[in-house]
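See below for the structure under consideration.
The values are calculated or read from the model by the stated rules, or taken from the named source; none is laboratory data. In this text, all values refer to a predicted model and were calculated from it rather than measured experimentally. Reconstructed Cβ throughout: ideal geometry from the backbone, glycine too, with neighbour counts over all protein chains shown.
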Amino acid sequence: MITFIIIGITAIISIAAFSNYTMMDKFIFCPTEAKHGQWYRFFTYGVLHADYTHLIFNMFTLYFFGGDIEQAFKTIFGQQMGTIYFLLLYITALPVSILPTYLKQKDNTNYRSLGASGAVSAIIFAYILVNPMNYMGVLFIPIWLPAFLFGIIFLLISVSLDKKQSKGVNHSAHITGGLYGLVFMVAVFIAFANINLVIEFADKIKIDSLGDLIRFGY
């Protein structure tokens, strides 16, 4: 699957850049440099990570959700076009998710951003759209919520943290990436397969009891 290739490429470049300051400096998202013509940074920042924890968390998440979305594309559009659409979603999510950051920080010479979180958020929310009643949770926390509820809470928390301007995490990229994942999926499936994912999303949500909204345990 192309998901594994993305993970492999990202891991190799990220690990190489951990000990290569020149590579890190060349690929990292620097808005002032992007403003002056280095547009490739809108993409290359996504193959860099701050450390192994950052890299493993993002790639584990991509592994967990990416395969399902890749298969969803292939089921409807076939192997070749399904792969292309999945790649387009992931790759275009990189510049889209960082765009609000660029507009806010384009004159800040000290600002830097890196990591695939924005693109991974696009994949997560694509998954939520397709599987709204699948249960999701946070690692090591034994609480599970249906995907649609998890997504709402994730967005609300991210908006709150973004307003507080929490250092070290680009919450804006998570928000924008997630919303872009929804828009991309809806647009592609309507335009090229005549499938309305919004209607399907609504039809799949079934809440019969409190147990459908929250579950406990591993």
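Quick notes on this one:
- Filter result for the condition that a residue is buried (at least 23 other Cβ atoms within 10 Å of the Cβ), farther than 25 Å from Lys204 by Cβ and at pLDDT 95 or above, over Ala122, Ala116, Ala126: Ala116
- Any chance Gly66 is under 20 Å from Leu55 (Cα atoms) and either surrounded by 19 or more Cβ atoms within 10 Å (Cβ to Cβ) or of a type in the set (A, V, I, L, M) (or both): yes
- Phe60 vs. criteria in a helix (DSSP H, G or I), within 30 Å of Asn196 (Cα to Cα) and in contact (Cβ under 8 Å) with a residue 60 or more places away in the chain: no
- Among the numbered conditions (1) in a helix (DSSP H, G or I); (2) closer than 14 Å to Lys206 by Cα, the only one that Met133 does not meet is (1).
- The criterion of being outside any helix (DSSP H, G or I), of a type outside the set (Phe, Trp, Tyr) and either surrounded by fewer than 21 Cβ atoms within 10 Å (Cβ to Cβ) or touching a residue at least 40 places away in the same chain (Cβ under 8 Å) (or both) does not hold for Met81.
- Hits in the range 58-74 - residues which are of a type in the set (Gly, Ala, Ser) and within 13 Å of Ala122 (Cα to Cα): Gly66
- Among the candidates Phe192, Phe150, Phe184, residue that is over 22 Å from Gln105 (Cβ atoms), in a helix (DSSP H, G or I), in contact (Cβ under 8 Å) with a residue 12 or more places away in the chain and over 15 Å from the mean Cα position of the chain (by Cα): Phe192
- Selection from the range 37-57 of residues that are without any contact (Cβ under 8 Å) to a residue 40 or more places away in the chain and closer than 18 Å to Gly178 by Cα: Phe57
- The range 37-57, subset in a helix (DSSP H, G or I) and polar (S, T, N, Q), residue nearest to the chain's Cα centre (by Cα): Thr44
- The listed residue being modelled with pLDDT of 95 or more and either outside any strand (DSSP E or B) or touching a strand residue (DSSP E or B) at 6+ places or on another chain (Cβ under 8 Å) (or both), out of Leu156, Leu161: Leu156
- The range 96-122 - residue that is among the polar types (S, T, N, Q) and not in a helix (DSSP H, G or I) and, of those, nearest to the chain's Cα centre (by Cα): Ser113
- Ile152 vs. criteria under 26 Å from Ala187 (Cβ atoms) and among the aliphatic types (A, V, I, L, M): yes
- Candidates in the range 136-163 are the residues that are surrounded by fewer than 19 Cβ atoms within 10 Å (Cβ to Cβ) and of a type in the set (Gly, Ala, Ser); of these, the one that is farthest from Asp203 (Cα to Cα) is Ser160.
- Unmet criterion (only one of (1) over 27 Å from Ile76 (Cβ atoms); (2) surrounded by 13 or more Cβ atoms within 10 Å (Cβ to Cβ); (3) more than 18 Å from the chain's Cα centre (by Cα)) for Ala173: (3)
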